[in-house]
Amino acid sequence: MEKNKLALDIKKIEENFPNNPLEFFKGKKLCLFKACLEKYFPGVRFGIENLLEALGLEVVICENQSCCSGPFFQRNLITRAQFSAINERNLNEIDEIADILLVSCNGCYNSLLRGRDFLKIPEVKDKTEEILKDLDNHMEENKYTEQFKNFDNIDLKIVHDLDFIYLIRNEVAKNLKFDLKGLDVAVHYGCHYLNLDRDKDMETYLKNKTKLEELVALFNGKLVDYSEKELCCGWGASQLVIHPLEALKITYRKLKSAENVKASFILMPCPTCLYTLSKPEFRMKIEELFNDKLEVATIHLNELIAILRGCEAEQCVSLRRQSTRINLIYNIITNNE
Amino acid sequence: MHESSDENWNYNFLKRLVDDVDENRNLLQCIDCGRCVGECPATKISKFNIRKIIRQILRGDKTVLKESDIWYCFLCERCKRVCPRTGINIPILILNLRNESFKKGYGPRYDDLTKYFEMAERFLTSGFVVNNPLDGILPEKRVKELDRICNFARIKYIFDAKYHHPIKLREIFEHKKKKNKEYRDKNGEK
Ligand code: SF4
Ligand code: SF4
């Protein structure tokens, strides 16, 4: 698959700014994509926003951005062209106010790139154009039709929070108050980061799937390996809604495997995986079904960074919500000073 | 595909499924190695077997559209990652199969569809799939744009599936719109 022009070329930034890649972002407007599931974990947003501001970067939020619509595409409720049209609408709105788009959710990230990939298919591209034309006619504007003519050349570039944090890891590390000493960390990438095939046949910055492990080491934590590291969280594009009893077997298998190696917590870069692996109702159901009470804690990378940076207790409250034993982890980390 | 001889292959069904999807141009080059099955979460919890499904497609066996198996795929893309071939994209193939199944009126089960009702309704009235999203809902004009883009899409027919009654549906929409307007007035949308 050819390279997606929308993806920020991190390799190039590393080459051009070998000493401090952060320099590339100075003076640029960084927009944070509003992932629906951040609602349940406001610390995911807070963690990255607060970090960027502390590093002197300009953060913007796009009022006109909608849900990426991935959930509806995955459920066959909208067509590929409709999915791409929703994507182009979002990208254009964001392009108007920002240079770089940071994404905290694997699902949204994959949708944004996939919507663009679909436009390589002439039939989908034509239909998308038709939809945007109809939209302009209906709204009595000429906005999206005009922008679509040049869609492949918009300046906006997107980057996953994990890739971004990894890129500027040394600057992040300088800003930490605490570390992960004494903690055994298991990592989970999530399918829509781990299994991306955009990097399958070529060398891109996406190829390296050891970024979480390297960050754990950088933050002084001990990495623990577990047999189901690459297994899906169980969400499975709503399998947990359609076939809950079966899908929970996957969630159970994953959590149990991390608990077996006595992981202090599972670190991940996606709020959808976090929702699946943490939701108290799911944990209760697992206990009921498998007669096993699982207590392994779970946390998003952005939340962890906020804790490590020593963010105010009240701001950290949201970080602790909905996550089993996260209070304990929080206390261990903040007593590590 | 060792269980099929050239005689019982039938490309018409395959053609319909992959015709406009460049990512599946090489489905015929599947070497039946089974790596996709070995790492598939759906296979761990159900009768779902993607190799069997590919064989059915290559034989033109449309009963696959009626079977519940195709609704078990997690769309996790693991198979795509481990497949030694390029040009085989199973999750997209599964979505196309489900589309065909929808068109024929087979699946998913009615109950399954209604589970999407609330998220579809939230998307078309507020722009997000969750209630009270972190940054508030989308401005009204933008919601209208989404609604227009989704014209004639299946997302709009779930409403009927849930309530069986178009008038009731309109009432729900109106009620939701009123609530969103109150929210916007309160939160000072420009
Ligand atoms: S995408 Fe579907 S077929 Fe492929 S590994 Fe995941 S569940 Fe199995
Ligand atoms: S991994 Fe690829 S080549 Fe092997 S059986 Fe699956 S689809 Fe065929």
Open item on the list: Go through the range B:41-98 and report how many residues are touching a Cys at 6+ places or on another chain (Cβ under 8 Å) and of a type in the set (Phe, Trp, Tyr).
Closed with: 2
Open item on the list: Give me the residue from the range B:55-67 that is buried (at least 16 other Cβ atoms within 10 Å of the Cβ) and under 18 Å from the mean Cα position of the chain (by Cα) and, out of that set, nearest to the other protein chains (Cβ to nearest Cβ).
Closed with: B:65
TODO: Return the pairs, sorted by first residue and then second, in which the second residue is outside any helix (DSSP H, G or I) and acidic (Asp, Glu), the first residue lies in the range A:276-289 and is not assigned by TED's automatic domain parsing to the domain that holds residue A:39, the beta carbons are less than 9 Å apart, and the residues are 6+ apart or on different chains.
DONE: A:283/A:295; A:286/A:292
Open item on the list: Restricting to the range A:38-65, name every residue that is more than 11 Å from chain B (Cβ to nearest Cβ), not in a helix (DSSP H, G or I) and not β-branched (Val, Ile, Thr).
Closed with: A:55, A:56, A:57, A:58
Open item on the list: Being modelled with pLDDT under 90 and not aliphatic (A, V, I, L, M) is the requirement here; does residue B:48 meet it?
Closed with: no
TODO: Six or more apart or on different chains, Cβ under 6 Å: which pairs go from a residue in the range A:207-222 that's farther than 13 Å from residue A:173 by Cα to one that's assigned to a loop (DSSP other than H, G, I, E, B) and of a type outside the set (A, V, I, L, M)? Could you list them?
DONE: A:207/A:199
TODO: With respect to residue A:68, determine if the residue is within 13 Å of chain B (Cβ to nearest Cβ), buried (at least 23 other Cβ atoms within 10 Å of the Cβ) and outside any strand (DSSP E or B).
DONE: yes
Open item on the list: When the residues of the range B:37-73 are narrowed to those that are more than 24 Å from residue B:16 (Cα to Cα) and in a loop (DSSP other than H, G, I, E, B), which ends up farthest from ligand 1 (Cβ to nearest atom)?
Closed with: B:47
Task: Pick from the range B:18-38, criterion at pLDDT below 90 and crowded, with 19+ Cβ neighbours inside 10 Å, ranking: farthest from ligand 2 (Cβ to nearest atom) - done: B:21
Open item on the list: I'd like the full set of residues that are facing chain A (nearest Cβ under 7 Å), in a helix (DSSP H, G or I) and modelled with pLDDT of 90 or more, limited to the range B:141-156.
Closed with: B:142, B:145, B:146, B:148, B:149
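Identify, from the list A:101, A:176, A:183, the residue that is buried (at least 24 other Cβ atoms within 10 Å of the Cβ) and more than 14 Å from chain B (Cβ to nearest Cβ).
Details: A:176 fails: buried (at least 24 other Cβ atoms within 10 Å of the Cβ); A:183 fails: buried (at least 24 other Cβ atoms within 10 Å of the Cβ).
The unique qualifying residue is A:101.
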Open item on the list: Need the failing condition index for residue A:185 against (1) within 22 Å of residue A:107 (Cβ to Cβ); (2) at pLDDT 95 or above; (3) not in a loop (DSSP other than H, G, I, E, B), just the number.
Closed with: (1)
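Return yes when residue B:76 is at pLDDT 85 or above and assigned to a helix (DSSP H, G or I) and no when it is not.
Taking the combined requirement at face value, the residue does not satisfy it.
Here is a check on your reading of the model: is residue B:87 within 17 Å of the chain's Cα centre (by Cα), surrounded by fewer than 19 Cβ atoms within 10 Å (Cβ to Cβ) and modelled with pLDDT of 70 or more?
On the way: within 17 Å of the chain's Cα centre (by Cα): no; surrounded by fewer than 19 Cβ atoms within 10 Å (Cβ to Cβ): yes; modelled with pLDDT of 70 or more: yes.
Here the answer is no, as residue B:87 does not meet what is asked.
For the range A:223-249, how many residues are charged (D, E, K, R), over 19 Å from residue A:192 (Cα atoms), in contact with a Ser or Thr (Cβ under 8 Å, 6 or more places away or on another chain) and in contact (Cβ under 8 Å) with a residue 24 or more places away in the chain? Please lay out each step first, then the result.
Keep residues of the range A:223-249 that are charged (D, E, K, R), which gives A:225, A:228-230, A:246, A:249.
The next check asks that each one be over 19 Å from residue A:192 (Cα atoms); those that pass are A:225, A:246, A:249.
From what is left, the residues that are in contact with a Ser or Thr (Cβ under 8 Å, 6 or more places away or on another chain) are A:246.
Cutting the leftovers down to in contact (Cβ under 8 Å) with a residue 24 or more places away in the chain gives us none.
So the count comes out to 0.
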Task: Hits in the range B:68-84 - residues which are within 12 Å of ligand 2 (Cβ to nearest atom), more than 8 Å from chain A (Cβ to nearest Cβ) and either among the charged types (D, E, K, R) or buried (at least 23 other Cβ atoms within 10 Å of the Cβ) (or both) - done: B:79
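The values are calculated or read from the model by the stated rules, or taken from the named source; none is laboratory data. None of the values given here were measured: they were computed from a predicted structure. Every residue, glycine among them, receives a Cβ derived from its backbone with ideal geometry; neighbour counts consider all protein chains shown.
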